[in-house]
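To keep things clear, I will list the structure first and then write my remarks on it.
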């Protein structure tokens, strides 16, 4: 289930992404072509990804302990084939890499839609795409020439091998090693954990991007290099597949959800014969991997959005269908009480509108962030690119953490609307809850996102980028504070923007005093408060726009309803969700640090 | 895992429940005897309930479509036997009913402990106990004489059959019927859904307490009667089991969790031959069932506590063991960085202390509520009983909803502390998340608890009980506002108590104006704000007590640490969790009701 009207509103009315089509790089695209792709994506979901979602959850992946082979859920191979053939793998790639140079913001819309239909499956092409981008950017010529076409055609997939059993968030503690071989390649040895799509039965080969330390390299993150390690060795010029490389899937993780994706514990070089090829320069691995990781973080934010969106739409649909109870405001007629659909109960309305406002807020934030990515790479001039890049960096951790945590909370409310049925496998929401829990953890836990925001992103250019972003909201408030329909809410936003700025200064002062622990103690509550404020700003911008459209007149009945609801959604968020930012800020500015010397 | 020191603190130092032992009804008990039972309960968990928890989840219950038999997870029969033989089924029952007349607050402690070890299993004796209580209170003499001993000995279990496929929250819409038979019994016909323990393979017989409408009875809840419907027909005098009654398990629900409990769709009277016996008077069924439901709601609150508590203790244990990352405040030594246990990372400390404060707050609330129950039944005089009964009624919906929702949120944080491991079946927290999700739904959804609080409980005696409860907190604030160590926090509490009172008046005014929908729209946020305030009050009372103990001196090193941590926990809650009440209240007092005319 998707809300196409809402998606198109955000893309073409709110963000006006059609402006991108004036840039040379994107000139082949148009609103119409995007619409066609959207139709094709929906059809792919209905025919393949959707039906596979339940099968993937119930059947899951299996591991043969003898052969080490992994069997993915029935239908995965065909779904992957259709995914690639419909052009969704390479959509945003350059023409020379086999793509059609669609804006990343469009690719993001599809990521949301595909994740909403089937998160576990979408991770296979998602990580493959990221691996491909790393090779495109930093790989040797032969990798680009030999591997990229194989990936683009759907013959090979890719993975991201960072984590090890004792090196999770602290990537620099990894123990995997790389030994120089005579032919210039490396012999890789180590164990990698939580490798999504680490083994599969639907592609000819898998390219693992593996972080390892070359013998003699420095300790810590400074001594980590990145390698391409193929499942089957390859002829570097023809791309022909040779014999099996010395690596295998040791076991599959037993997880709460995303059973359709093979999460592998991978062993490399058990026989000291695992061939890998260095990407870029030695000891620069983490920098290359960051490209992949930043993309992945945006991808995870979009998963949060997609899953929450489909959970909300399911709950909304159910609430309109399910008859239960009577209207407490209706006159009582014991013999023939007028039973109502539960959408009419105030508490259900409250839960649904809360979810809707969170989902639409996430969408505004996600698409905006994705647009910044496009503008940072293909903007009209260097100044535009630089500005967009700064905002992209600032927004990425917020998008990742806010969308996954608020998305998860929103899914909880879907289950509540379904009542007992929400706890059963009769409806999709229980699987959505289980599948989505991973999003707050992988690609950097949300606690780490908060440290990234407070410790690095807000300090970029001495805080200038952060200040510029707050300034954007400030200007909006200044311009619209006397708005006919929304002035109360816009003034509330202004109040919160001020609080966000002050709380940031408060944290900076603590840091100045040298108490490093206290300075980062409330990074997470700060991120959440900032997220609430940004989302509120975006929803109110949308509401002002909706109000303009309504007052301009000449709108269809459907649009009238759509725009009116947009205004109500923004009002609801401002009055009923935004106040949570104040309690998060209370954490940040509280004098109490009882936590730090607590004896656990 | 349990925190025995904390449990004993709440019972004997904070609530001083030993005062109950002065009452004649409880005179057989002492602090020592409670301690012995506690040791026995822990041993039962370690030997039976704990090991069965994982098996129950992985193996689950199975249903034979031919025979309609249900197989419970291996070990269930033995666990039930041990549970009964150790006296935990009848603990709080009167001596004449085969019990040992332990205070209900003690039984509640065990409910918490058993739920923390195995929620799915604990539901079998939990519902059996409730069914037994209904029969003890309202049943015919033969039921009491024949059935109660069978239940007490562990030979028979009981269930609660309210819900039907189209009558969930709206119980009065049920379609099950009861037809008078010649022998004074009734023929029951209908389908009941979500029947926990509806069928099992570990007891001789099952007594289903079934709500149904006698032919000719009024529509709605006023025409609903309660029946005992045995799985096997029984000889009313000897209790001997006769032939199979006309009822069976149609199917098992496929659920997100609590797989160890058989959640049945039950068919009664397919062959028009399902014998049932009326309990009490005709058309009074819901009143009798309410006894069971109120007990069950307290039980569910305790499940919320138990599950959150064990999740927290697991996360705390893991955080102290798991080495990852370096201390950001330590001097950097790239060659040999001092890696630390993750409990030392400020963000992890923050999550853990948040959980701890929520868990300890829940425990204070749960045990207090249970104590009110004891005092309402066996208090020294009628005035005491009446007062306790009023508070019991007021606190029950808060305890049920706050402990299950905040408990669930707390479990989410346990998973976050475990990182990727938290998403896998390697550790117990993922099962805890899945098992506990049901608690916000069953025995009245949390939305319904909020309506009960705002629509009924706060209005009892024209609001006098509500006012008396707030007054208790007010007096504590007044008395301790100049407290040496806690005055800032106690003044904050006072501020929130005031806000809770004002928000209640605001809701009353809306109701007076006749806008019934607006008046209940924010019942849930109100319940949460009220819960936060009550919990804060209780934690600060505990902190004041801990401070007294510390200043009185002569405390062991272990107690010094315990009391100091109690103070820090209360401070943390006041500064970092209580502020959320303000955002909930913002919902209640907001002029925005955009929600009510939203067009979904």
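Which condition from (1) within 24 Å of residue B:584 (Cα to Cα); (2) more than 27 Å from the chain's Cα centre (by Cα); (3) exposed (fewer than 15 other Cβ atoms within 10 Å of the Cβ) is the one that residue B:477 breaks?
Going through the list (1) within 24 Å of residue B:584 (Cα to Cα); (2) more than 27 Å from the chain's Cα centre (by Cα); (3) exposed (fewer than 15 other Cβ atoms within 10 Å of the Cβ), residue B:477 breaks only (3).
Restricting attention to segment B:197-224, and to residues there that are touching a helix residue (DSSP H, G or I) at 6+ places or on another chain (Cβ under 6 Å) and within 14 Å of chain A (Cβ to nearest Cβ), which single residue is farthest from residue A:325 (Cα to Cα)?
So the residue we want is B:217.
How many residues are at pLDDT below 95 and either crowded, with 22+ Cβ neighbours inside 10 Å or under 15 Å from residue A:9 (Cβ atoms) (or both) if we restrict to segment A:527-564?
Residues flagged as at pLDDT below 95 and either crowded, with 22+ Cβ neighbours inside 10 Å or under 15 Å from residue A:9 (Cβ atoms) (or both) within segment A:527-564 amount to 0.
If a residue must be more than 23 Å from residue B:444 (Cα to Cα) and under 25 Å from the mean Cα position of the chain (by Cα), how many such residues does segment B:204-236 contain?
Residues meeting the conditions: 1.
Being out of contact with any helix residue (DSSP H, G or I) (no Cβ under 6 Å at 6 or more places or on another chain) and more than 7 Å from chain B (Cβ to nearest Cβ) is the filter here, so list the residues in segment A:563-574 that pass it. Let's see the steps before the verdict.
Initial filter on segment A:563-574 (out of contact with any helix residue (DSSP H, G or I) (no Cβ under 6 Å at 6 or more places or on another chain)): A:564-565, A:568.
Answer for segment A:563-574, where residues must be out of contact with any helix residue (DSSP H, G or I) (no Cβ under 6 Å at 6 or more places or on another chain) and more than 7 Å from chain B (Cβ to nearest Cβ): just A:564.
Among the residues of segment B:9-47, how many are crowded, with 19+ Cβ neighbours inside 10 Å, closer than 14 Å to residue B:88 by Cα and more than 20 Å from the chain's Cα centre (by Cα)?
Selection size over segment B:9-47: 3.
From (1) over 29 Å from residue B:525 (Cβ atoms); (2) not in a helix (DSSP H, G or I), pick out the condition that doesn't hold for residue B:420.
(2)
Considering only residues that are more than 21 Å from residue B:189 (Cα to Cα) and more than 14 Å from chain A (Cβ to nearest Cβ), which ones fall in segment B:234-260?
Across segment B:234-260, the qualifying residues are B:235, B:236, B:237, B:238, B:239, B:240, B:241, B:260.
Among the residues of segment A:100-122, write down those that are buried (at least 20 other Cβ atoms within 10 Å of the Cβ) and more than 29 Å from residue A:434 (Cα to Cα).
Correct list: A:102, A:103.
Do we find that residue B:582 is at pLDDT 95 or above, surrounded by fewer than 24 Cβ atoms within 10 Å (Cβ to Cβ) and either within 13 Å of another protein chain (Cβ to nearest Cβ) or in contact with a strand residue (DSSP E or B) (Cβ under 7 Å, 6 or more places away or on another chain) (or both) in this structure? Write out each step before concluding.
Values: at pLDDT 95 or above: yes; surrounded by fewer than 24 Cβ atoms within 10 Å (Cβ to Cβ): yes; either within 13 Å of another protein chain (Cβ to nearest Cβ) or in contact with a strand residue (DSSP E or B) (Cβ under 7 Å, 6 or more places away or on another chain) (or both): yes.
Answer is yes for this residue.
Show the residue pairs meeting these rules: Cβ distance below 6 Å; 6+ apart or different chains; first residue within segment B:163-189 and within 12 Å of chain A (Cβ to nearest Cβ) and outside any loop (DSSP other than H, G, I, E, B); second residue at pLDDT below 95 and surrounded by fewer than 19 Cβ atoms within 10 Å (Cβ to Cβ).
Close Cβ pairs satisfying both conditions: B:172/B:221.
Might you let me know whether segment B:124-137 holds any residue that is surrounded by fewer than 17 Cβ atoms within 10 Å (Cβ to Cβ) and out of contact with any strand residue (DSSP E or B) (no Cβ under 7 Å at 6 or more places or on another chain)?
Within segment B:124-137, one or more residues are surrounded by fewer than 17 Cβ atoms within 10 Å (Cβ to Cβ) and out of contact with any strand residue (DSSP E or B) (no Cβ under 7 Å at 6 or more places or on another chain).
Which ones in segment A:585-594 are surrounded by 22 or more Cβ atoms within 10 Å (Cβ to Cβ) and more than 9 Å from chain B (Cβ to nearest Cβ)?
Once the filter is applied, which keeps residues that are surrounded by 22 or more Cβ atoms within 10 Å (Cβ to Cβ) and more than 9 Å from chain B (Cβ to nearest Cβ), segment A:585-594 yields only A:588.
Determine whether segment B:420-433 contains at least one residue that is at pLDDT below 95, under 30 Å from residue B:1 (Cα atoms) and more than 8 Å from every other protein chain (Cβ to nearest Cβ).
no
Is it the case, given these coordinates, that residue B:577 is more than 8 Å from chain A (Cβ to nearest Cβ), within 30 Å of the chain's Cα centre (by Cα), on the phi < 0 side of the Ramachandran plot and touching a residue at least 24 places away in the same chain (Cβ under 8 Å)? First the steps, then the outcome.
Numbers: more than 8 Å from chain A (Cβ to nearest Cβ): yes; within 30 Å of the chain's Cα centre (by Cα): yes; on the phi < 0 side of the Ramachandran plot: yes; touching a residue at least 24 places away in the same chain (Cβ under 8 Å): yes.
So residue B:577 passes the test.
Name the residues in segment A:434-444 that are within 9 Å of chain B (Cβ to nearest Cβ) and closer than 23 Å to residue A:392 by Cα, would you?
A:440, A:441, A:442 - these are the residues of segment A:434-444 that are within 9 Å of chain B (Cβ to nearest Cβ) and closer than 23 Å to residue A:392 by Cα.
Quick one: how many residues across segment B:334-357 are touching a helix residue (DSSP H, G or I) at 6+ places or on another chain (Cβ under 8 Å), assigned to a helix (DSSP H, G or I) and either more than 7 Å from chain A (Cβ to nearest Cβ) or surrounded by fewer than 18 Cβ atoms within 10 Å (Cβ to Cβ) (or both)?
Residues in segment B:334-357 being touching a helix residue (DSSP H, G or I) at 6+ places or on another chain (Cβ under 8 Å), assigned to a helix (DSSP H, G or I) and either more than 7 Å from chain A (Cβ to nearest Cβ) or surrounded by fewer than 18 Cβ atoms within 10 Å (Cβ to Cβ) (or both): 7 in total.
Could you tell me which residue of segment B:255-271 is farthest from residue B:234 (Cα to Cα), considering only residues that are in contact with a strand residue (DSSP E or B) (Cβ under 6 Å, 6 or more places away or on another chain) and part of a loop (DSSP other than H, G, I, E, B)?
Out of the qualifying residues, it is B:261.
Could you list all residues from segment A:272-297 that are touching a strand residue (DSSP E or B) at 6+ places or on another chain (Cβ under 9 Å), surrounded by 16 or more Cβ atoms within 10 Å (Cβ to Cβ) and in a helix (DSSP H, G or I)?
A:285, A:286, A:288, A:289, A:292, A:293, A:296 - these are the residues of segment A:272-297 that are touching a strand residue (DSSP E or B) at 6+ places or on another chain (Cβ under 9 Å), surrounded by 16 or more Cβ atoms within 10 Å (Cβ to Cβ) and in a helix (DSSP H, G or I).
Out of B:597, B:559, report the one residue that is more than 22 Å from residue B:452 (Cβ to Cβ) and within 12 Å of another protein chain (Cβ to nearest Cβ). Outline the logic, then answer.
Numbers: B:559 fails: within 12 Å of another protein chain (Cβ to nearest Cβ).
Only one candidate passes the filter, namely B:597.
On the given criteria, is residue B:447 facing chain A (nearest Cβ under 9 Å), surrounded by 21 or more Cβ atoms within 10 Å (Cβ to Cβ) and at positive phi?
no
From the set of residues in segment A:520-548 that are without any contact (Cβ under 8 Å) to a residue 60 or more places away in the chain and over 23 Å from the mean Cα position of the chain (by Cα), which is nearest to residue A:503 (Cα to Cα)?
Ranking the qualifying residues of segment A:520-548, first place goes to A:543.
Looking at segment B:164-191 only, could you name the residues that are loosely packed, with under 15 Cβ neighbours inside 10 Å and within 27 Å of the chain's Cα centre (by Cα)?
Within segment B:164-191, just B:165 meets the criteria.
Checking residue B:208 against (1) assigned to a loop (DSSP other than H, G, I, E, B); (2) under 24 Å from residue B:249 (Cα atoms), only one condition comes out false. Which one?
(1)
Where in segment A:43-117 are there helices (runs of 4 or more DSSP H), lying fully within it, with 1 or more residues that are more than 21 Å from residue A:303 (Cβ to Cβ)?
Passing ranges, in order: A:50-59, A:76-85.
The values are calculated or read from the model by the stated rules, or taken from the named source; none is laboratory data. Please read these numbers as outputs of a predicted model, since none were measured by experiment. Note that we place each Cβ from the backbone using ideal geometry, even for glycine, and neighbour counts take in every protein chain shown.
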